[in-house]
Amino acid sequence: MTMTSLITGASSGLGAEYARQLAVRGYRLVLVARDAARLEEFAAELTRTGASEVEVLSADLSSPGGLAAVVGRLSETARPVDMLINSAGFGLPLAFEKNDIEDEARHLHLHVEVPMRLMHAALQGMLARRSGTILNIASASAVMPRSTYGAVKSWQVMFSRWAGSRYRSRGVTVTAVCPGYTHTEFHQRLGLAKGEEGISDRLWLDAPRVVEESLRDVARGRAVSVPSKRYKAIYTAARLAPTGLMAKLAARGR
Ligand code: NAP
């Protein structure tokens, strides 16, 4: 049976890489992001390289209409979505007090309310069919005091842990993926040129590796996936370290 995956943030970075790797595995895809032209071009590329069916759903998840369109697609019983990947996201400078409060509100909404509503919509059909997979692309920052970014990612991990244990016996797995620094457009969109993050080269990951490792963890039903040995060690140490020390270390970068 062909499975369908709906991916938010599918036009670039991790979301696009999930689309590539799932296409190779034979999934039908529903690609969600704002940039319609870019999504169409990407869909054509995926189809040329063998994807079975690619649907483009251009939507701004920060707008009520865009969010409703994606909720609507997840709620269609005739075209069920077997896998939901919440990857849409963006970063803000760490100086919370200097950020525009409306940007902060958008950031909170896109990383918390949006995945919560999309999960709620997807779960209805998944629980009825007793089968489904949800991935929330959180971050290794979830265990670090790191402005509002660490806080929203921590929400994603905590809620995924709860939902994973709650719904596993009903056939639905929920996994929070916690990548470290990964080469995507994320830092560029924050206005940072290559190298400006101030992070050692050894700490950068490539999207294909993050996606491949996380899909392995998802297949094993893991609640949290931290790709790469290096970040597994950092993540574990950060969970145990005193908050003050972690706040100092996490102040590095943007
Ligand atoms: P990216 O390359 O900048 O991709 C972000 C994606 O989100 C794009 O497809 C963008 O497409 C989409 N998007 C942004 N705002 C949206 C909106 N309002 N509505 C719909 N789509 C929207 O960044 P990425 O690194 O792949 O980020 C994916 C996720 O990974 C994020 O949640 C991020 O926090 C997380 N993450 C990233 C890293 C890293 O170092 N890169 C590390 C840990 C976690 P459009 O502009 O076309 O809408």
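Brief remarks follow.
- All helices (runs of 4 or more DSSP H) inside segment 140-223 with 1 or more residues being of a type in the set (S, T, Y) and crowded, with 19+ Cβ neighbours inside 10 Å: 147-167, 207-219
- Tally, over segment 83-103, of residues that are farther than 19 Å from G13 by Cα and either surrounded by fewer than 15 Cβ atoms within 10 Å (Cβ to Cβ) or in contact with a Phe, Trp or Tyr (Cβ under 7 Å, 6 or more places away or on another chain) (or both): 9
- Residue count for segment 213-231, restricted to those that are more than 15 Å from the chain's Cα centre (by Cα) and not aromatic (F, W, Y): 8.
- Meets criteria (more than 9 Å from the ligand (Cβ to nearest atom) and at pLDDT 95 or above) for P80: yes
- Residue match in segment 45-53 (condition: among the charged types (D, E, K, R), within 16 Å of the ligand (Cβ to nearest atom) and either part of a helix (DSSP H, G or I) or surrounded by 17 or more Cβ atoms within 10 Å (Cβ to Cβ) (or both)): yes
- Residue check for T2: in contact with a Lys or Arg (Cβ under 7 Å, 6 or more places away or on another chain) and in contact (Cβ under 8 Å) with a residue 24 or more places away in the chain: yes
- Residues satisfying the stated conditions in segment 131-160, i.e. over 19 Å from A250 (Cα atoms) and either within 12 Å of the ligand (Cβ to nearest atom) or not hydrophobic (A, V, I, L, M, F, W, C) (or both): S131, G132, T133, L135, N136, I137, S160
- For segment 54-67, the condition holds for at least one residue, the condition being that it is without any contact (Cβ under 8 Å) to a residue 24 or more places away in the chain, within 14 Å of the ligand (Cβ to nearest atom) and in a helix (DSSP H, G or I).
- Of all residues making up segment 9-44, the number that are within 13 Å of the ligand (Cβ to nearest atom) and closer than 21 Å to G180 by Cβ: 9
- Qualifying residue in segment 178-189 (condition: under 16 Å from Y18 (Cα atoms), among the β-branched types (V, I, T), near the ligand (Cβ under 10 Å from one of its atoms) and in contact (Cβ under 8 Å) with a residue 40 or more places away in the chain): yes
The values are calculated or read from the model by the stated rules, or taken from the named source; none is laboratory data. Here the structure is a predicted model, which is why all the values come from computation and not from measurement. Quick reminder, even Gly has a Cβ in these numbers, built from the backbone with ideal geometry, and neighbours come from all protein chains shown.
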